[in-house]
Amino acid sequence: MYTLLLILAAFLTYRLVYLQIAYDMDDRIESIVKAKPSKDYIEPSRGTILSSDGRLLATSVPNYSLYMDCTVRHKEFKEKGDKGAKMEQEWIDSARVLCQELPKFFPEKNSDEYFRMIKEARYKESTPGRKHKKLGENVDYNTLQQIKKLPLFNQGSNRGGLIVEEKLDRQYPYGSLGRTVIGYTKEDKYKGLEGKFDATLRGQRGWRWIRHTDRKMKVTDNDSTRVDSNDGLDLRTTLNIDLQDITDRALRETIGTDSLIVGGVAIVMEVETGAIRAMVNLKRDSYGHLGETYNYAVAHADNPGSVFKLATLMNCIEDGYVKGLDQTIPTNHGRIANLPEDKHIGDYERETRRSEISILHGLEISSNYVFAYLAMNNYRQDPEKFYDHLYRYKFGETYADFDLEGMTGGRLRTKDQPGWVPTDLGTTAYGYSMQQTPLHIITFYNAIANGGKMMMPYLVESFETEGRVVEKRGPRVLNASICSKATADTLRRGLVSVTQHGTGSNVKGAVALVAGKTGTARGTLTKEDSKTRAGMDTDSDGRRKYTGTYVGFFPAENPKYTMLVTVYTGLTRTVYYGGNKPAITVRKVVNGLCSMDPYWREDIKQTGGVPTMSSRPAEGESGIVPDVMGLGLKDAIYAIENAGYRCDFEGVGHVTAQSIKAGTELKAGNIIKITLK
């Protein structure tokens with residue numbers, strides 16, 4: 001035994017020396033055994049975007065492109081002679097059956113065309129790109145599993161030739177609804193929340209070192225380092241997708257058929273927190289279709305018009321120049337020193353021959369004269385004081401760290417800026433000589449609804465992973481007090497009067513009482529509108545662009561939501577007032593929201609024949625039909641079966657009818673049918 005072990009050791013030593021020095025390995029084996037490791041990246045899963053109640057707004061799902069290696073095993077079969085020829089024929093027969101099934105999944109070709117494609121790729125060696133033939137793309141997981149059961153493909157990729165390329169496809173279950181907010185991913189370009197929080201949603205890519213086997217499989221090289229990927233976090237938004245849908249439909253219904261309106265925006269904000277519950281941005285394309293392609297709410301700043309008058313009134317109340325809404329000012333036939341005559345109030349004054357007008361009535365009829373007078377009369381000597389208030393209301397600022405990219409801060413033309421003239425104080429008072437976004441306007445009105453506390457508007461509630469909150473975002477204060485609560489209450493009473501007696505009467509019929517203000521402004525022309533009149537408000541044909549706005553909050557007595565609707569027109573001679581289409585849209589949304597939210601549902605009035613609900617026991621005497629009127633289902637069944645009968649029922653609620661009158665003598669085992677409502 002010792003001698004045998006000695007001989008074996010000598011032989012092994014010889015073989016080791018031989019393999020290390022003299023052995024010449026086959027190139028194919030060497031490429032497998034000595035394959036160099038390569039770096040393989042591990043892609044993380046992109047996080048989903050959720051509505052406030054957890055419904056999917058954006059999610060990534062696997063998507064597959066399928067190819068076929070038509071030459072698989074062909075060389076192997078050729079090397080086996082007659083046996084290989086038989087195996088080749090069996091492969092071809094299976095391919096013929098496969099081609100009978102492929103048109104069910106990929107109807108671009110019929111079965112004969114698929115079979116011809118496979119044979120040509122398999123046997124015509126000189127055909128460029130002969131090896132891999134594309135079958136189809138955008139295949140979902142369930143379809144892929146069905147395809148893998150087809151002849152040939154059920155043998156695996158090395159024998160059947162099926163090649164599967166997987167990629168993650170971003171899907172949006174609600175289509176275009178809210179897409180300017182949710183955003184999109186396309187060719188490495190990201191918009192909306194998808195773009196702003198791309199790094200958080202994308203996660204962190206990992207990597208590993210791999211080697212390829214002789215069967216073209218990837219195996220991990222465990223001798224090398226490995227870094228695991230971190231999947232992206234889920235993003236929960238503040239959006240209420242039902243309210244988003246209501247708002248979207250209301251705006252489309254109102255402006256859809258009016259080709260003069262080129263776009264519109266509608267925003268619903270929660271008063272207490274500043275959470276944006278709906279944000280709709282519709283822009284008309286060259287074909288006249290409205291789509292979510294441009295975010296007016298944060299990116300478009302223009303003259304806000306008369307909705308800005310409330311800021312002027314707030315200034316005057318806070319500084320003590322206006323003691324109450326019943327306070328009056330002289331009309332002066334609509335003329336203000338150093339300010340051109342306001343035609344609206346001038347015509348109104350000449351018709352009524354009033355010498356005075358109250359602040360409240362000026363607010364109701366949206367008098368430019370009244371608010372220009374308040375600004376010029378009280379702040380002419382100290383315009384900085386007027387503008388300091390506006391900066392305190394955050395006009396002209398870009399909200400720091402807002403949840404969407406591309407927000408413009410708007411512009412205030414103040415005394416320190418070039419081009420300012422004293423008359424700008426008066427025009428600013430009624431919403432001109434400045435540019436503000438719809439988001440600035442609604443944030444200001446939301447602060448009034450909130451008793452003077454200005455909340456930061458926001459769209460992201462939290463970041464989560466597998467339902468667990470990783471980072472909680474939410475309400476933030478922009479300004480703890482832009483005005484006193486008394487001032488906010490005074491302004492709220494004035495806005496209610498605008499709805500009930502003034503320019504906002506189109507909202508008067510809403511289910512909830514709305515406090516709001518209308519605004520109409522002429523837009524500034526661009527070079528696209530008129531090369532010779534750019535920067536002015538009227539082109540050479542007398543046409544103008546209008547911005548019509550309604551903004552307010554409801555229910556007025558205890559505000560829960562603030563809402564703004566603004567529509568933008570192309571060049572037209574027709575004036576588009578904020579009290580028209582914008583106000584009508586607000587009314588539709590308020591009614592839709594009230595019907596959806598039990599907060600505003602009215603109590604059911606006693607108009608139906610509801611049976612009296614008594615607390616009597618559910619008893620039944622054998623052989624006598626029991627009285628089950630007014631009982632619940634369980635008690636009724638108990639009474640009927642206790643009396644020896646079987647029960648059949650329909651409806652829900654309490655018993656309102658029974659098929660056999662109570663007290664009737666009836667043999668046991670009969671069926672008694674009851675109806676519940």
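Can you name the strands (runs of 3 or more DSSP E) wholly within the stretch 184-302 that have at least 2 residues being hydroxyl-bearing (Ser, Thr, Tyr)?
Passing ranges, in order: 184-186.
In the stretch 86-116, how many are surrounded by fewer than 16 Cβ atoms within 10 Å (Cβ to Cβ), among the polar types (S, T, N, Q) and under 17 Å from residue 159 (Cα atoms)?
1
So for the stretch 525-540 (the condition being in contact with a strand residue (DSSP E or B) (Cβ under 6 Å, 6 or more places away or on another chain) and closer than 19 Å to residue 582 by Cβ), does at least one residue qualify?
No - not one qualifying residue is present in the stretch 525-540.
Checking the structure you have, find out if any residue of the stretch 305-322 is open to solvent by 10 Å² or more (accessible area, probe 1.4 Å) and either under 22 Å from residue 476 (Cβ atoms) or within 24 Å of the chain's Cα centre (by Cα) (or both).
Within the stretch 305-322, none of the residues are open to solvent by 10 Å² or more (accessible area, probe 1.4 Å) and either under 22 Å from residue 476 (Cβ atoms) or within 24 Å of the chain's Cα centre (by Cα) (or both).
Of the conditions (1) over 26 Å from residue 51 (Cα atoms); (2) touching a strand residue (DSSP E or B) at 6+ places or on another chain (Cβ under 6 Å); (3) among the basic types (Lys, Arg); (4) at pLDDT below 95, residue 492 clears all except one; give me its number.
Result: residue 492 passes all but (4).
Collect the residues in the stretch 172-183 that are part of a helix (DSSP H, G or I) and open to solvent by less than 30 Å² (accessible area, probe 1.4 Å), keeping them in residue-number order.
Passing the criteria: 180, 181, 182.
Count, please, the residues in the stretch 61-85 that happen to be closer than 30 Å to residue 48 by Cα and either at pLDDT below 90 or open to solvent by 70 Å² or more (accessible area, probe 1.4 Å) (or both).
Residues that pass the stated criteria total 3.
Please specify each residue of the stretch 523-573 satisfying the condition of being assigned to a loop (DSSP other than H, G, I, E, B), under 20 Å from residue 251 (Cα atoms) and not basic (Lys, Arg).
Result: 570, single match.
Can you spot a residue in the stretch 478-488 that is more than 26 Å from the chain's Cα centre (by Cα), β-branched (Val, Ile, Thr), assigned to a helix (DSSP H, G or I) and at pLDDT 95 or above?
Yes, the stretch 478-488 contains a residue that is more than 26 Å from the chain's Cα centre (by Cα), β-branched (Val, Ile, Thr), assigned to a helix (DSSP H, G or I) and at pLDDT 95 or above.
State yes or no: is residue 96 over 30 Å from residue 46 (Cβ atoms), charged (D, E, K, R) and modelled with pLDDT under 90?
Answer is no for this residue.
Collect the residues in the stretch 441-453 that are out of contact with any Asp or Glu (no Cβ under 8 Å at 6 or more places or on another chain), touching a residue at least 60 places away in the same chain (Cβ under 8 Å) and more than 18 Å from residue 238 (Cα to Cα), keeping them in residue-number order.
Of everything in the stretch 441-453, those that are out of contact with any Asp or Glu (no Cβ under 8 Å at 6 or more places or on another chain), touching a residue at least 60 places away in the same chain (Cβ under 8 Å) and more than 18 Å from residue 238 (Cα to Cα) turn out to be 441, 444, 445, 448, 449.
Being open to solvent by 40 Å² or more (accessible area, probe 1.4 Å), more than 30 Å from residue 259 (Cβ to Cβ) and at pLDDT below 80 is true for just one of 665, 621. Which residue is that?
621
Specify the residue that is farthest from residue 564 (Cα to Cα); the eligible residues are those in the stretch 394-436 that are within 33 Å of the chain's Cα centre (by Cα), outside any loop (DSSP other than H, G, I, E, B) and among the hydrophobic types (A, V, I, L, M, F, W, C).
Applying the filter and picking the extreme gives 412.
Could you tell me how many of the residues in the stretch 488-503 are open to solvent by less than 60 Å² (accessible area, probe 1.4 Å) and touching a Leu at 6+ places or on another chain (Cβ under 9 Å)?
So the count comes out to 10.
Mind listing just one residue for me: the one in the stretch 504-536 that is more than 32 Å from the chain's Cα centre (by Cα) and of a type outside the set (A, V, I, L, M, F, W, C) and, of those, least open to solvent (accessible area, probe 1.4 Å)?
The qualifying residue least open to solvent (accessible area, probe 1.4 Å) is 530.
Quick test of your reading of the structure: residue 65 fulfils all but one of (1) more than 30 Å from residue 464 (Cβ to Cβ); (2) in a strand (DSSP E or B); (3) touching a Phe, Trp or Tyr at 6+ places or on another chain (Cβ under 6 Å). Name the failing condition by number.
(3)
If you check every pair at least six apart or on different chains, which have Cβ atoms under 6 Å apart with a residue in the stretch 472-496 that is in contact (Cβ under 8 Å) with a residue 24 or more places away in the chain first and a residue that is of a type in the set (Phe, Trp, Tyr) and surrounded by 13 or more Cβ atoms within 10 Å (Cβ to Cβ) second?
Listed by first residue and then by second, the contacts come to 482/393.
Just need a number here: residues in the stretch 467-486 that are at positive phi and surrounded by 12 or more Cβ atoms within 10 Å (Cβ to Cβ).
Qualifying residue count, the stretch 467-486: 1.
Which residue out of 674, 660, 637 is in a strand (DSSP E or B) and either surrounded by 12 or more Cβ atoms within 10 Å (Cβ to Cβ) or out of contact with any Leu (no Cβ under 6 Å at 6 or more places or on another chain) (or both)?
Every option except 674 fails the conditions.
Output the number of the condition that residue 296 fails; it satisfies all remaining conditions of (1) surrounded by fewer than 19 Cβ atoms within 10 Å (Cβ to Cβ); (2) within 21 Å of residue 192 (Cα to Cα).
Only one criterion in (1) surrounded by fewer than 19 Cβ atoms within 10 Å (Cβ to Cβ); (2) within 21 Å of residue 192 (Cα to Cα) is unmet by residue 296, namely (1).
With the condition kept exactly as written, say whether any residue in the stretch 437-448 is in a helix (DSSP H, G or I), within 25 Å of the chain's Cα centre (by Cα), at pLDDT 90 or above and small (Gly, Ala, Ser).
yes
Would you check which residues across the stretch 146-171 are on the phi > 0 side of the Ramachandran plot and either buried (at least 17 other Cβ atoms within 10 Å of the Cβ) or of a type in the set (Ser, Thr, Tyr) (or both) and list them?
Selection gives 152, 161.
The values are calculated or read from the model by the stated rules, or taken from the named source; none is laboratory data. Note that this is a predicted model, so its numbers are computed, not measured. Positions of Cβ are backbone-derived with ideal geometry, glycine not excepted, and every protein chain shown enters the neighbour counts. Protein only, heavy atoms only, side chains kept; ligands, DNA and RNA dropped before computing areas. Shrake-Rupley method; radii C 1.70, N 1.55, O 1.52, S 1.80 Å.
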